[in-house]
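Participant: Here's a structure for you.
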Amino acid sequence: MKKVILASIFATFALVGCGGSNKESAAADDSNKVYEVKFAHVVSANTPKGRAADFFAKRVNEMTNGQIVVHVFPSAQLVDDDKVFQELKRNNVQLAAPSFSKFTPFAKEFNLWDIPFIFRDTEHLHKVMDGEVGQILKDVITAKGYVALDYWDAGFKQFSTNKKPIILPSDAEGQKMRIMSSKVLEEQTKAIKAIPQVLPFGEVYSALQTGVVDAAENPLSNLYNSKFYEVQSSITMSNHGYLGYLVVASEKFWNELPKDLQEKFVAAMKEATAYEREESAKEEAMLLDKLKADDKTGTQIFELTEDQKQQWQDVMIAIYPKFYDLVSQELIEKTINTK
């Protein structure tokens, strides 16, 4: 009888020992778990955003010793920006970089980025993004159930037209100007007595060509890659508005990621952000040179003087109170006062 009892006790200890080994093994397995990330974006791989996405994928893999593997899907191969938010919620996509305009339907504060002449230059813009205002806007997105990471550049917008060159605000009077759907852009256009025309991007070239619209506002990448210069007689380097992206992650994916990997993920993203902004600046300089060299249609390119910029700012500042309810007076004033 004693032998049976002793055998039973030894068996129990053996089971407990095995259980402990299993737990240690499970912990070890978890520490080596590989996390798969689908990064969806809508531009081509050979753009600043596309190259930065690939840079991030490589860098985060290096920093985590292969524990985070990022698969990048450019050119809307996986999903477009209109549907990416629901896919992030479902954790079907773990990472995306939608343009600011895609956030405005559920985060009205993001209309801030459309306000004309609110950013003095690129340095001021990045200080706003990386400072208090940028964090406030990230918090708005976080409250909606996403993880807001970093801001990436698309570029400042420039005016173009096939009528009188738009150098001063008065030059735009009566011109039919294509804009994206935006209350801020409508007010901007009306302030200079132009006529706002909301059109899908794919229709802009033919609309400019046929005179359905006279003028437009675009970053240099759109002006050059879509060949708008072929149907516009002048481009003004106004830098009056800004287009950008916010990189966001799935909240479900983020919460499943161990803290040490979250920290490495953020560190890799910071490096990718610096890289993307550098690439964006290089591309803008390159495209301006290409416009001057490659354009056979004789499109004139105008640079604004400081006095001319001030005239624009005076006109636009007068309409800022129209955006206080939409964006908030506090955010607008914090942006202006960012040093």
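Participant: Can Phe100 be described as touching a helix residue (DSSP H, G or I) at 6+ places or on another chain (Cβ under 7 Å) and on the phi > 0 side of the Ramachandran plot?
Facilitator: Against the criterion (touching a helix residue (DSSP H, G or I) at 6+ places or on another chain (Cβ under 7 Å) and on the phi > 0 side of the Ramachandran plot), Phe100 does not qualify.
Participant: So, one more: May I ask you to list the residues in region 174-191 that are buried (at least 22 other Cβ atoms within 10 Å of the Cβ), in a strand (DSSP E or B) and not hydrophobic (A, V, I, L, M, F, W, C)?
Facilitator: Scanning region 174-191 gives a single hit, Arg178.
Participant: Can Glu279 be described as among the acidic types (Asp, Glu), within 17 Å of Val70 (Cβ to Cβ) and either surrounded by 12 or more Cβ atoms within 10 Å (Cβ to Cβ) or touching a Pro at 6+ places or on another chain (Cβ under 8 Å) (or both)?
Facilitator: Criteria not met by Glu279.
Participant: A further question follows. Show the residue pairs meeting these rules: Cβ distance below 6 Å; 6+ apart or different chains; first residue within region 158-173 and outside any strand (DSSP E or B); second residue open to solvent by 60 Å² or more (accessible area, probe 1.4 Å).
Facilitator: What qualifies is Leu168/Gln311; Asp171/Lys164; Glu173/Lys193.
Participant: So Lys252 ticks every box in (1) more than 21 Å from Phe302 (Cβ to Cβ); (2) open to solvent by less than 30 Å² (accessible area, probe 1.4 Å); (3) charged (D, E, K, R) but one. Which box is left unticked?
Facilitator: The single condition Lys252 does not satisfy is (2).
Participant: Does Leu112 satisfy being touching a residue at least 40 places away in the same chain (Cβ under 8 Å) and touching a strand residue (DSSP E or B) at 6+ places or on another chain (Cβ under 9 Å)?
Facilitator: Here the answer is no, as Leu112 does not meet what is asked.
Participant: In addition: Of these, Val42, Val93, which one is crowded, with 18+ Cβ neighbours inside 10 Å, within 14 Å of the chain's Cα centre (by Cα), assigned to a loop (DSSP other than H, G, I, E, B) and on the phi < 0 side of the Ramachandran plot?
Facilitator: On inspection, the qualifying residue turns out to be Val42.
Participant: So, in region 199-248, exactly how many residues are farther than 26 Å from Glu276 by Cβ and touching a Ser or Thr at 6+ places or on another chain (Cβ under 7 Å)?
Facilitator: Count: 7.
Participant: Trp152 passes all but one of (1) open to solvent by less than 10 Å² (accessible area, probe 1.4 Å); (2) under 29 Å from Ala207 (Cα atoms); (3) part of a strand (DSSP E or B); which number fails?
Facilitator: Answer for Trp152: the failing condition is (2).
Participant: So, one more: In region 192-245, which residues are free of Cβ contacts under 8 Å to residues at least 40 places away in the same chain and either among the aromatic types (Phe, Trp, Tyr) or assigned to a strand (DSSP E or B) (or both)?
Facilitator: Once the filter is applied, which keeps residues that are free of Cβ contacts under 8 Å to residues at least 40 places away in the same chain and either among the aromatic types (Phe, Trp, Tyr) or assigned to a strand (DSSP E or B) (or both), region 192-245 yields Ile195, Pro196, Gln197, Val198, Phe201, Tyr205.
Participant: Going through region 137-187 one residue at a time, which ones are modelled with pLDDT under 95, more than 15 Å from Ala107 (Cβ to Cβ) and hydroxyl-bearing (Ser, Thr, Tyr)?
Facilitator: Matches in region 137-187: Ser181 only.
Participant: Could I ask something else about it? Within region 286-339, how many residues are open to solvent by 70 Å² or more (accessible area, probe 1.4 Å), aliphatic (A, V, I, L, M) and touching a residue at least 24 places away in the same chain (Cβ under 8 Å)?
Facilitator: The total comes to 2.
Participant: Under the condition of being small (Gly, Ala, Ser) and in contact (Cβ under 8 Å) with a residue 40 or more places away in the chain, which residue from region 46-78 is surrounded by the fewest Cβ atoms within 10 Å (Cβ to Cβ)?
Facilitator: Ala53
Participant: For a quick check of your reading of the model, give me the residue pairs whose first member lies in region 246-262 and is in contact (Cβ under 8 Å) with a residue 24 or more places away in the chain and of a type outside the set (Phe, Trp, Tyr), whose second is crowded, with 21+ Cβ neighbours inside 10 Å and in a helix (DSSP H, G or I), with beta-carbon atoms closer than 6 Å and at least 6 apart or on different chains.
Facilitator: Going by the 6 Å Cβ cut-off, the qualifying pairs are Ser250/Leu88.
Participant: When you scan region 260-278, how many residues do you find that are within 16 Å of Leu125 (Cβ to Cβ) and of a type in the set (Asp, Glu)?
Facilitator: Of the residues in that region, 2 qualify.
Participant: Further question: Residues that are aromatic (Phe, Trp, Tyr) and either in contact with a Phe, Trp or Tyr (Cβ under 6 Å, 6 or more places away or on another chain) or under 30 Å from Ser31 (Cβ atoms) (or both): list the helices (runs of 4 or more DSSP H) wholly contained in region 256-339 that include at least 2 such residues.
Facilitator: The qualifying helices (runs of 4 or more DSSP H) are 259-294.
Participant: Kindly indicate whether any position in region 9-25 is open to solvent by less than 70 Å² (accessible area, probe 1.4 Å), aliphatic (A, V, I, L, M), modelled with pLDDT under 50 and part of a helix (DSSP H, G or I).
Facilitator: Checked region 9-25: at least one residue is open to solvent by less than 70 Å² (accessible area, probe 1.4 Å), aliphatic (A, V, I, L, M), modelled with pLDDT under 50 and part of a helix (DSSP H, G or I).
The values are calculated or read from the model by the stated rules, or taken from the named source; none is laboratory data. These numbers come from a predicted model, not from an experiment. Cβ coordinates were reconstructed from backbone atoms using ideal geometry, including for glycine residues, and neighbour counts include every protein chain displayed. Quick note on the areas: whole protein, heavy atoms, side chains included, nothing else; ligands and nucleic acids left out. Shrake-Rupley method; radii C 1.70, N 1.55, O 1.52, S 1.80 Å.
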